[in-house]
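The numbers here are math on the coordinates, done by the rules we state, and not lab data. Because the structure is predicted, anything quoted here is derived from the model rather than measured. Every residue, glycine among them, receives a Cβ derived from its backbone with ideal geometry; neighbour counts consider all protein chains shown.
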Amino acid sequence: MKKALIVGTGLGGLTTALRLSTLGYDVEMVEKYHQPGGRLNQLKADGFTFDIGPTFFSMSYEFKEFAQFCGIDMPFKFIEMNPLYSVNFAGSTRWYTIFKDLDKLAKEFGDVEPNFEEKMRKYLIKTGRLFHDTENRIIRRNFDSLLKFAAALASVPPRHAPLMLRSMWSEMNRHFSSYEVKVIFSLVAFFLGATPFDTPAVYSMLTYTEMQHDGYHNVEGGMYQIVEGLMREINKRGITVQYNTEIVDFREQGGQISALVDNNGKQYTADVYVINADAAWFRGKVLRRQAFSNDKLDKMKWTLAPFTMYLGVKGNIEGLHHHNYFLGNNFKEYSSKVFKNSISLDKPYYYVNVSSKTTPQSAPNGHENIFILCPVPDLRYKPTWNDSEWLATNIMKDISSRVGYNIEANLVSKTVLNPQHWMQMFNLYKGSGLGLAHDLNQIGYFRPHNNDEKFGNVFYVGASTLPGTGLPMAVISSRLATEKIQKKYGS
């Protein structure tokens, strides 16, 4: 029986562990944090329970494929979101509610976008074709050579080629006229750590995935139920997990990794090593590759740094929905400048999740739990965060004024995590919340590969390798890495 050591218990690591166990591997895991999940984690404070990171996901069928591969029942229950979310612009009392039903959605935008329903149907047809023409050709595939990647790109119908040259925003301009519609349906780029002004238009397919293809989902009992469900399966199979254990060094022999070394000097030996830490960061920090030195990493494009708040608030706040976006009126200026710390955060854009709306047990009776994500500059551009309390107070005051409820006066619990905290907790490079961005030179074959360039027994899963960022991408990543391991070592 071959042994696999998996470094990191994020979603990619957990799903890879179960896939390899299914194939007969003896699996062991190590984790820097004190509990599993990586960024898909949980915080408990003062009687409140918060999802630390992701609060919804798409492409639920990737989880179903995973469960079928492992021969297990789905270890958690999906809840389809509809409506998807609500949006408020500064200075307005109006909320736009985003329904999957186009008839309902058209009523939300009928006064600002003439012929909205017809325009959106055409847009979804176009983005749907793009998604289905690329999903199996590009997204769900391994690429062992640049030639194979080029051949895969060439197999995509040529009608999509212009989308490689246009930005998401310019593509939105071709279909819609109103500021509100263009901003709202390009938020997927902004809150995934980039801007629609420099994100290729090929990612307009995400509108199709959220609106029509599979939609967004929550999990009954909270998102951390994904991790807890997977851990039940991990435990059933006798897979051991060592927490508070950070891998900091390695030993090599004959062109292979012979052991990984933790922060206490302990060595871990295995036949196969799977790295669920950031694929670019690990190559530079632990394997000490010059191609992934700090200078080289700094020049890459990284996703947003998260500034997150976890608030326990007394009272039932009617003005807040389950999923909310609070935006300003200077989207182009703000989104293009905020990541490089060239605009003030006195009027920030942010997302708010109130899981107590659908999971009452996450807050004491008569209270709400509020999770806030504000995309901010990473530590390359804003290395110090001694103004964290100022920003937190600023956001709380802004929410209070918009929903007509004094958050600060009813505050029971408050936890604030800035990019420095995120970097320290999960080894996120310069605090980048979602790893490498999806620039054209950082996708497919050009993304850090899921097999190591030097050591033949080292593989990678997670956000900064194939296929990219997001929970379903992590599940796909585990399948792609497992395929390579199985091809080389068998079952």
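Couplings for the stretch 64-75, taken from phi via the Karplus curve 6.51 cos²θ - 1.76 cosθ + 1.60 with θ = phi - 60°, read 5, 4, 4, 4, 5, 4, 7, x, 10, 6, 4, x Hz in order; Gly and Pro are left as x. Its relative contact order, with pairs defined as Cα atoms under 8 Å and 6+ residues apart, puts the stretch 101-214 at 32 percent. Annotation for Q68 and E483: the two label points, set 7 Å from Cα along the Cα-Cβ direction, are 1.5 nm apart.
If R₀ is 45 angstrom, what is the calculated FRET efficiency for the pair S401 and S342, using the beta carbon separation as r and rounding to 0.05? Efficiency for this residue pair is about 0.95. Read through the labelled values (1) 22.9, 89; (2) 22.1, 68; (3) 27.2, 89 and report the label of the one computed as Rg and Dmax of the Cα atoms in Å from the structure. Of the labelled values, this structure produces (2). Arranged from fewest to most other beta-carbon atoms within 10 Å of their beta carbon, I72, I239 become I72, I239. For the chain, the longest principal axis of the alpha carbon atoms and the long axis of helix 224-236 meet at an angle near 20°. When the Cα positions of N410, G462, P383 are compared along the charge dipole of the stretch 371-491, G462 comes out farthest toward the positive end, with charges on each C-beta of Lys, Arg, Asp and Glu. Placing a pseudo-label 7 Å from each Cα along the Cα-to-Cβ vector at E220 and I125 gives an inter-label distance of 3.9 nm.
Between V112 and N410, the modelled labels are 2.7 nm apart [label points 7 Å from Cα along Cα→Cβ].
By the count of other C-beta atoms within 10 Å, a proxy for reagent exposure, Y216, Y33, Y489 are ordered fewest to most as Y489, Y33, Y216. Distance between the C-alpha centers of the stretch 448-481 and the stretch 422-442? Whole Å please. Using only Cα atoms, the two centres lie 14 Å from each other. The stretch between K266 and N235, if pulled fully straight at 0.36 nm per residue, gains 8.8 nm over its current Cα-Cα span. Antiparallel beta bridges, as assigned by DSSP with both residues in the chain, represent about 70 percent of the total such bridges.
Close amide H partners of Y460, meaning residues 5 or more places away or on another chain with modelled amide H under 5 Å apart, are I275, N451.
Which entries in the list K126/K296; K266/K454; K100/K236 go over 28 Å, if you measure between the two C-alpha atoms of each? Flagged as over cut-off: K126/K296; K100/K236.
So what's the gap between the Cα centers of the stretch 285-308 and the stretch 87-105, to the nearest angstrom? Cα centroid to Cα centroid, the span is 37 Å. Dipole magnitude for the chain: computed about the Cα centre from +1 point charges on Lys and Arg Cβ and -1 point charges on Asp and Glu Cβ, it is near 1100 debye. Taking θ as phi - 60° and the Karplus parameters 6.51, -1.76 and 1.60, the scalar couplings of the stretch 7-20 work out to 9, x, 10, x, 4, x, x, 5, 6, 5, 4, 6, 5, 5 Hz in sequence order, x denoting glycine and proline. Taking amide hydrogens as placed 1.01 Å from N in the peptide plane, the amide H of Q242 sits under 5 Å from those of M29, V30, E31, each at least 5 positions away in sequence or on another chain.
How far, in degrees from 0 to 90, does helix 388-403 lean away from the longest principal axis of the Cα atoms of the chain, to the nearest 10? Tilt relative to the chain: about 40 degrees. Sequence-ordered 3J(HN,Hα) estimates for the stretch 121-128 from the Karplus curve with 6.51, -1.76 and 1.60 and θ = phi - 60° stand at 4, 5, 5, 5, 5, 5, 5, x Hz, glycine and proline given as x. The residue among L105, A151, F131 whose Cα reaches farthest toward the positive pole of the charge dipole of the stretch 101-214, with charges on the beta-carbon of Lys, Arg, Asp and Glu, is A151. Once you reduce the stretch 344-387 and the stretch 52-66 to the center of their Cα atoms, the two points are 21 Å from each other. Near the amide H of G38, within less than 5 Å, lie the amide hydrogens of T9, G10, all on another chain or at least 5 residues away, with H placed in the peptide plane. In a fully extended conformation the segment linking E246 and E333 would gain 27.3 nm over its present Cα-Cα distance, using 0.36 nm per residue. Charge dipole of the stretch 1-86 (Cα centre as origin; +1 on each Lys and Arg Cβ, -1 on each Asp and Glu Cβ, all else neutral): 180 debye, rounded to the nearest 20. Relative contact order for the chain: 23 percent, from Cα pairs under 8 Å spaced at least 6 residues apart, divided by residue count. Its relative contact order, with pairs defined as Cα atoms under 8 Å and 6+ residues apart, puts the stretch 21-130 at 11 percent.
By the beta-carbon count within 10 Å of each Cβ, the least crowded to most crowded order of M172, M425, fewest first, is M425, M172.
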